[in-house]
Amino acid sequence: MTPIIGFAGYSGSGKTTLLEQLIPLLKQQGLRIGLVKHSHHSIDPDTPGKDSYRLRHAGCAQTLMATKERHMLYFEYPEPDREEPQLQACLQQLDHSQLDLVLVEGFRDEAFTKIEIHRPSYGKPLLHPNDDNIIAFATDGDCPEGCTLPQLDLNRPQDVVDFVVAWLKEQ
């Protein structure tokens, strides 16, 4: 399986902004990047009224839209009391033969290698004291007292990329 590394933090901590900066820098390293993002919100990137939307909503459990630019695979789960998605199930849906690294945003409570994203000004609790899978602490402030993890500066995405590339080489 492709190496995976997560970016875990509370909503508003800057995970998406950081990943948006990291992905082009990782691509410059020649890496083929996959991404799995967990959201607690309902999403629908399709356009109501378009053929793809109409066909998807006609009742298919899975719909693959294919163009020369991209493929989009939709899985429909109509059960209203369905549990949150599991990371391993999401990872199995990727074509790992086309990837060197998978970045994961969210899934902070699952056991896999992660970097904690923390902004002290938000006043949210720390994750790393209760998660042995966190291997680095990325912040725009000071590392908390007693934290022995490598500290990364959220305002220096190249430093985070350097850390991730070094970690990847160890895998």
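The values are calculated or read from the model by the stated rules, or taken from the named source; none is laboratory data. Not measured: the values here are computed from a predicted model. No Cβ is skipped: glycine too gets one built from the backbone with ideal geometry, and neighbour counts run over all protein chains shown.
Is it fair to say LEU18 is under 14 Å from the mean Cα position of the chain (by Cα), modelled with pLDDT of 75 or more and in a helix (DSSP H, G or I)?
yes
Checking the structure you have, find out if any residue of segment 112-122 is in contact with a strand residue (DSSP E or B) (Cβ under 6 Å, 6 or more places away or on another chain), surrounded by 15 or more Cβ atoms within 10 Å (Cβ to Cβ) and part of a helix (DSSP H, G or I).
Taking every residue of segment 112-122 in turn, none turns out to be in contact with a strand residue (DSSP E or B) (Cβ under 6 Å, 6 or more places away or on another chain), surrounded by 15 or more Cβ atoms within 10 Å (Cβ to Cβ) and part of a helix (DSSP H, G or I).
Considering segment 142-158 alone, what residues qualify as being loosely packed, with under 15 Cβ neighbours inside 10 Å and either free of Cβ contacts under 8 Å to residues at least 60 places away in the same chain or in contact with a strand residue (DSSP E or B) (Cβ under 8 Å, 6 or more places away or on another chain) (or both)?
Once the filter is applied, which keeps residues that are loosely packed, with under 15 Cβ neighbours inside 10 Å and either free of Cβ contacts under 8 Å to residues at least 60 places away in the same chain or in contact with a strand residue (DSSP E or B) (Cβ under 8 Å, 6 or more places away or on another chain) (or both), segment 142-158 yields ASP142, GLU145, GLY146, THR148, ASP153, ASN155, ARG156.
Name the residues in segment 74-110 that are hydrophobic (A, V, I, L, M, F, W, C) and either surrounded by 11 or more Cβ atoms within 10 Å (Cβ to Cβ) or modelled with pLDDT of 90 or more (or both), would you?
Within segment 74-110, PHE75, LEU87, CYS90, LEU91, LEU94, LEU99, LEU101, VAL102, LEU103, VAL104, PHE107 meet the criteria.
Within segment 31-73, which residues are assigned to a loop (DSSP other than H, G, I, E, B), surrounded by 10 or more Cβ atoms within 10 Å (Cβ to Cβ), among the charged types (D, E, K, R) and modelled with pLDDT of 75 or more?
ARG32 - this is the single residue of segment 31-73 that is assigned to a loop (DSSP other than H, G, I, E, B), surrounded by 10 or more Cβ atoms within 10 Å (Cβ to Cβ), among the charged types (D, E, K, R) and modelled with pLDDT of 75 or more.
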